[in-house]
Amino acid sequence: MSSPSSSAPRFSTDPSAPRAPLHGRPGLLVVVDGPSGVGKSEVCRLLADMLVQRGAAVVATGQPSHSPMGRLARSATHELHGLALTFLMAADRHHHQDEVILPALEAGRVVVCDRYVPTALVLDQMDGADPAFITTLYRHMFAPDLAVLLTGDPATCRERAARRGTYSRFHEGGVAAASTEAGLYEQAAGLLTSLGYPVISLDIGDRTAEQVTVTVLALVGELLALSRGG
């Protein structure tokens, strides 16, 4: 099993150019990130279902993963702080890439991942890590074919997260903390674009999860058509 390139892959902004996978594998990697309560998980679930209905072979996954490391990272945010949690999450993401994402891409599947490196750039910064250090930790992670960053009103997102139930200290802090999180996602979008990530920011506004997913589905459909030379 080969290792990812140490440099961030570049991508063409010319829609007529031949479309090769950014990660050098035949599948497609689509990641969805954004603040707590913005609706990422629901959009990922609906997107995977809609792609399957259209005949695509899909692997729906997420980070933290379901590995022992991922389960620990998900459950221990009140006990682990700073670099301890940053390193644990980085280890889980790299393991998840090797054990789940890479085999699916090599099999030509569409991988829909709920949270990816953009979330690391936000939550690790909220925990005190420097963005340059964070990007160094993830220099061997694949750049996705599409990185969707969902945005929304911070107060609404925080209210939805509270209704859903919180399990992480990153869900706490009220509207002020939610506004900080939203601002960091905006900064992450700019940084990742400069590193070669094909980032699309979508403001959910008052749209339903189904309406947001239809927009994302159209973007993924374009990528699938280009990858097949259609």
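No value in this document is a laboratory result; all are computed from the given coordinates. Not measured: the values here are computed from a predicted model. With ideal geometry, Cβ positions are generated from the backbone for all residues, glycine too; neighbour counts draw on all protein chains shown.
Okay, here's what the table says:
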read-out	value
Most fluctuating residue given options Arg169, Arg25, Arg74, as computed from a GNM of the chain linking Cα atoms under 10 Å	Arg169
Ranking of Val216, Val52, Val59 by count of other Cβ atoms within 10 Å, fewest first	Val52, Val59, Val216
Whole-Å distance, taken between Cα centres, linking segment 119-181 and segment 77-117	15
Least to most buried among Phe87, Phe142, Phe170 (fewest other Cβ within 10 Å first)	Phe87, Phe170, Phe142
Listed residue (Phe133, Thr193, Gly221) projecting farthest to the positive dipole end of the chain, Cβ model	Gly221
Dimensions in Å of segment 28-227 - Rg and Dmax from alpha carbons	15.9, 46
Fluctuation leader among Ala189, Ala143, Ala56 - the chain, Gaussian network, Cα springs under 10 angstrom	Ala56
Of Leu217, Leu22, Leu47, the one that fluctuates the most in a GNM where the chain has Cα springs shorter than 10 Å	Leu217
Relative contact order (%) - criterion: Cα under 8 Å, at least six apart; region: the chain	34
Rg over Rh, two decimals, segment 81-147 (C-alpha only, Kirkwood Rh)	0.99
Distance (nanometres) between label positions extended 7 Å along Cα→Cβ at Arg45 and Arg71	2.1
Percent of beta bridges antiparallel (DSSP, segment 28-227, rounded to nearest 5)	0
Potential lengthening between His78 and Asp98 on full extension [0.36 nm per residue; Cα-Cα distance subtracted]	4.4 nm
